Amino acid sequence: MVAATGAGWVDAVVGGGGLLLLPTMLLSSGLPLPTILGTNKLTAIAGTTSAAITYARRTPIDWPVAGPAAGLAVVFAGAGALVAGSVPPSAYRPVILGVLAAVALFLTFRPSMGLTGDPAKRTTTRMAVMIALGGGVIAFYDGAIGPGTGTFLVLGFTAIIGADFLRGSAMAKLINVGTNFGALVVFGLLGHVNWTLGAILACCNIVGAQFGARMALKRGAGFVRIVLLVVVLALVARLSWDQWHS
């Protein structure tokens, strides 16, 4: 329950709450991996929906991008959930690790990135790329594996269409709702959701998500950037440990 609350806070600010919740469930729940992934989706959809509503009320949303991407994400996350557990970590871990290491360096040496928006980047081509990337590639990853999805979405919205980190985080929540819903439907149909545990953790996740969303809105893009860098470094450390000790 503590991990679910913390995961809700991290997810609401910048994504990456799976870093807290999934390892905790693996160590303490005794459930098989597909059930852990499915139960995590039930938990996460509660928090991300709560955070998305809070953000949407107080932050301008780029609906021509976020709307189609969220709809597409339902389908691709569901497809990812169908192969969850069958993709060996060795197949994806080095690639994701390399991308995250590059992102960490970029954020470190470009301290002004994402603090303000860059409307010039919002071209038709870049919008289409972001829809395909967020609603397709990243959504499939979320359904199949999961951790770091929100982080990738925030970075995508910032780097590709020029949103600041706060708006990028707000739009990432909408896509996350789509990915969690699509994956949850598939996991539920396959019987890979512990509904009782998921409901309890979902309540905790909502509490954390509300604290996180309100804190991000209050403190702005600079705060989101700091949390983003911390989460990216944590992802790099976690994946590096898994890679070298597998």
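Take every Cα pair under 8 Å whose residues are at least 6 apart in sequence, average their separation, divide by the length of the stretch 73-200, and the relative contact order is 42 percent. Probing with 1.4 Å while keeping every protein chain in the model, the per residue accessible area of the chain equals 43 Å². Which is farthest toward the positive dipole end of the chain among Val95, Ala183, Met215, measuring Cα position about the Cα centre, with Cβ charges +1 (Lys, Arg) and -1 (Asp, Glu)? Going by the charge dipole, the pick is Met215. In order along the stretch 146-163, phi translates into HN-Hα couplings of x, x, x, 4, x, 4, 4, 5, 4, 5, x, 4, 6, 6, 8, 10, x, 6 Hz, rounded to whole numbers, per the Karplus curve 6.51 cos²θ - 1.76 cosθ + 1.60 with θ = phi - 60° and x for Gly and Pro. Taking the protein heavy atoms of the stretch 8-111 in the context of the full set of protein chains, the accessible area attributed to carbon and sulfur is 73 percent at 1.4 Å. Pairs with C-alpha atoms separated by more than 23 Å, drawn from the list Lys41/Lys173; Lys41/Lys218; Lys173/Lys218, are Lys41/Lys218. In this structure, the amide hydrogen of Asp62, modeled 1.01 Å from its nitrogen in the peptide plane, lies closer than 5 angstrom to no residue at least 5 positions away or on a different chain.
Placing unit charges on the Cβ atoms only, positive for Lys and Arg and negative for Asp and Glu, gives the stretch 91-246 a dipole magnitude near 420 debye about its Cα centre. Report the one residue of Leu21, Pro68, Ile36 whose Cα lies farthest in the direction of the positive end of the charge dipole of the chain (charges on C-beta: Lys and Arg +1, Asp and Glu -1; origin at the Cα centre). Final value for the positive-end residue is Pro68.
The values are calculated or read from the model by the stated rules, or taken from the named source; none is laboratory data. These figures come from a predicted structure and were not determined experimentally. Note that each Cβ is placed from the backbone with ideal geometry, even for glycine, and that neighbours are counted across all protein chains shown. Protein only, heavy atoms only, side chains kept; ligands, DNA and RNA dropped before computing areas. Shrake-Rupley method; radii C 1.70, N 1.55, O 1.52, S 1.80 Å.
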